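These notes concern the structure reproduced below.
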Amino acid sequence: MKKDVKFYMKLFASTFYLSAFTFGGGYVIISLMRKKFVDQYKWIEENEMLDLTAIAQSTPGPIAVNASILVGYRMAGVPGALLTVIGTVLPPLIILSVISVAYTAFRDSIMVGYTLRGMQAGVAAVIIDVVINMIWNVTKEKKVFPIMLMIAAFIAVFLFDISVIIIILVSGLLGAITIYSSKNKKGETT
Amino acid sequence: MILLTLYWSFFQIGLFSIGGGYAALPLIQNQVVDLHGWLTMTEFADVVTLSQMTPGPIAINAASFIGIRRAGIPGAIIATLGCITPSIVISLLLAYVYYRYRGLATFQGIMKGLRPAVVSLITSAGISLVLLAFWKGEAVTADLTKIDWLSVGIFTLALFILRKWKVSQIAIMVGAGILGLCIYPFLS
């Protein structure tokens, strides 16, 4: 891929654009990044994006910020990471700075409330759309281990509210153990 | 001096909030309300509400909001920088490690375990968002009158369009916002 000015502009513009529309937490921006960088631009592979998500999730700081740094680094090293992180923090920085001047009016505005309620439903649909694709990707290979792990992790986090850190640690450990047990059986390296 | 304090405060918030989203809330409260008295508890609650109404991570929103009120635009920039410094350093280190060692068997094993777990984490967050939208942020009950049916309608329409055609997600979100703005006034 040609890393010219146009490429850097595209990288910056896409993170700025995604960040400006990310209501509802880090996972929403990750879903949007996946759609943009994996499906649309084809810059990053599906599995690689999931790896980066796992790293973003286990690193201190906002997930959206971490994810943008990882994607930027992947695309263009440290300069790329700096570019994407600026793209990600500028929209909230600008918006909050403007709003802080008259924030009570904004907070109490009925019109803003109606728009946001509509957007909330839209955001939910966007993330569910991405979720359907991701679940399909895990299940299509019809392997027992990832499917079981996915179900178990879902029950743990959704029903039992178990800490994300614990889920990440346990599933990473389980993954490492499976690699070694399958290696011993086959007597080969994977 | 205030700039330095702002930087250091938000540096700590960035460094110690792991797991994203609301995990950072108690930390922010501790720094800006309890330790420095930059905001009253009511103002802090307002910042949380504003964060839900505006894009961006809550820690960045809080940094911008408090920074600008304490020390103007430089304050907002410095507080935001403080908040993202730990992320930049640690994420870059991990990215380096990931791209250097991802060929190793153990590393691949760990990632094989992490991928399905990450899908579950995102699924869980997605379902929570759906419940939040349908039940207007209140407790989920079987009482059908408590459900925001317009929200259900917008959600279903949006998901149908997303599955059926290749449309931009941003267009879907803006469209959903416009529908809300046009229809909700007639319902209440």
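Derivation of every value follows stated rules applied to the coordinates shown; laboratory data play no part. The structure presented is a predicted model; accordingly, all values stated were derived computationally and were not measured. Cβ placement follows ideal geometry from the backbone for every residue including glycine, while neighbour counts extend to all protein chains displayed.
The table below lists the values:
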read-out: Under 29 Å from B:LYS164, Cα to Cα: lysines that are on another chain or at least 8 residues apart; value: A:LYS10, A:LYS35, A:LYS36, A:LYS42, A:LYS140, A:LYS142, A:LYS143, B:LYS136
read-out: Zero-based 10 Å bins, Cα pair distances in the protein assembly as shown, whole percents; value: 5, 23, 32, 26, 11, 2, 0
read-out: Inter-label distance, nm, simple model (7 Å from Cα along the C-beta direction), B:ILE183/A:ASP4; value: 4.6
read-out: Taking segment A:1-90 and dividing mean pair separation by its residue count, relative contact order in percent (alpha carbons under 8 Å, at least six apart); value: 34
read-out: Calculated over chain B: convex hull of Cα atoms, volume per residue (Å³); value: 185
read-out: Within-13-Å neighbourhood charge of A:ASP39 [Cβ basis; K, R +1; D, E -1]; value: +2
read-out: Exposure proxy ranking, count of Cβ atoms within 10 Å, fewest first, for B:CYS182, B:CYS83; value: B:CYS182, B:CYS83
read-out: Chain B: relative contact order as a whole-number percent, Cα under 8 Å and 6+ apart; value: 18
read-out: Proxy reagent accessibility, fewest Cβ within 10 Å first, across A:VAL71, A:VAL38; value: A:VAL38, A:VAL71
read-out: Relative contact order (%) - criterion: Cα under 8 Å, at least six apart; region: chain A; value: 19
read-out: Per-residue average of Cβ from other chains inside 10 Å of B:69-75; value: 1
read-out: Cβ-Cβ FRET estimate between A:SER163 and B:LYS164, R0 fixed at 35 Å, reported to 0.05; value: 0.40
read-out: Likely footprinting exposure, A:GLU141, A:GLU46, fewest C-beta neighbours within 10 Å first; value: A:GLU141, A:GLU46
read-out: Within segment B:71-140, trypsin sites (Lys or Arg not before Pro) in DSSP loop having at most 15 other beta-carbon neighbours inside 10 Å; value: B:ARG102, B:LYS136
read-out: Peptide A:131-143, shielding by other chains (average Cβ, 10 Å cutoff); value: 3
read-out: Descending semi-axes in Å of chain A, equivalent ellipsoid built from Cα gyration tensor; value: 34, 23, 15
read-out: Per-residue mean of C-beta atoms belonging to partner chains within 10 Å, peptide A:64-76; value: 5
